[in-house]
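Worksheet for the structure shown next.
The values are calculated or read from the model by the stated rules, or taken from the named source; none is laboratory data. Since we're looking at a predicted model, the values are computed, not measured. Cβ sites come from the backbone with ideal geometry, for glycine too, and all protein chains shown count toward neighbours.
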Amino acid sequence: MARTEIVTLTNMCMIYNGRNVLVQEKIDDDYRGITFPGGHVERGESFTDAVIREVLEETGLKISSPQLCGIKDWTNDDGSRYMVLFYKTDKFEGTLSSSEEGTVYWVDFEELKNLRLADGMEKMLEVFLNEDISEYFFYKENGEWMEALK
């Protein structure tokens with residue numbers, strides 16, 4: 001079995017302030033709904049630098065001390081893997097501003113369940129919030145996509 005594979009690396013960051021969390025209403029044709037800001041890791045870029053850059057581009061906020069708290073991953077039909085590194089932080093500065101990725105705004109944690117979350121976001125929240133869960137994994141079984149929290 002090969003020990004190397006083609007991997008797309010991305011990130012997502014939960015920014016919180018007391019009982020409030022920053023959300024982004026994504027408007028992408030492939031991925032719509034309420035999620036957290038993030039994006040692709042560029043070749044040669046550190047994972048930490050990438051999440052700081054992506055959050056700044058999408059929210060106008062400069063975060064610091066992002067803590068890696070989990071991953072979401074799956075293998076595509078072409079054999080490549082897709083990974084989303086989950087970070088969280090309550091350290092930020094700047095003025096909140098939306099981007100072409102979508103509108104960003106603060107909501108109370110309890111209000112999240114009443115919003116139109118992006119696909120899979122409920123399970124992703126479990127990874128962000130539960131220290132006993134570190135991975136949201138997708139796999140195929142008998143041709144059907146399955147998911148597991150690990």
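Worth a mention:
- Residue selected from the stretch 57-79 under the condition touching a residue at least 60 places away in the same chain (Cβ under 8 Å) and either touching a helix residue (DSSP H, G or I) at 6+ places or on another chain (Cβ under 7 Å) or among the basic types (Lys, Arg) (or both), by the criterion surrounded by the most Cβ atoms within 10 Å (Cβ to Cβ): Gly70
- Hey, Glu131 assigned to a helix (DSSP H, G or I) and among the charged types (D, E, K, R) or not: no
- Among residues of the stretch 64-85, those that are over 15 Å from the mean Cα position of the chain (by Cα) and either outside any loop (DSSP other than H, G, I, E, B) or not small (Gly, Ala, Ser) (or both), counted: 5
- If you check Thr35, Thr4, Thr8 for being of a type in the set (Ser, Thr, Tyr) and in contact with a helix residue (DSSP H, G or I) (Cβ under 7 Å, 6 or more places away or on another chain), only one passes: Thr35.
- Odd one out for Gly102 among (1) loosely packed, with under 15 Cβ neighbours inside 10 Å; (2) at pLDDT below 95: (1)
- Filtering the stretch 1-43 to residues that are part of a loop (DSSP other than H, G, I, E, B) and more than 16 Å from Leu85 (Cβ to Cβ) leaves Met1, Ala2, Arg3, Thr4, Glu5, Ile6, Gly18, Arg19, Asp28, Asp29, Asp30, Tyr31.
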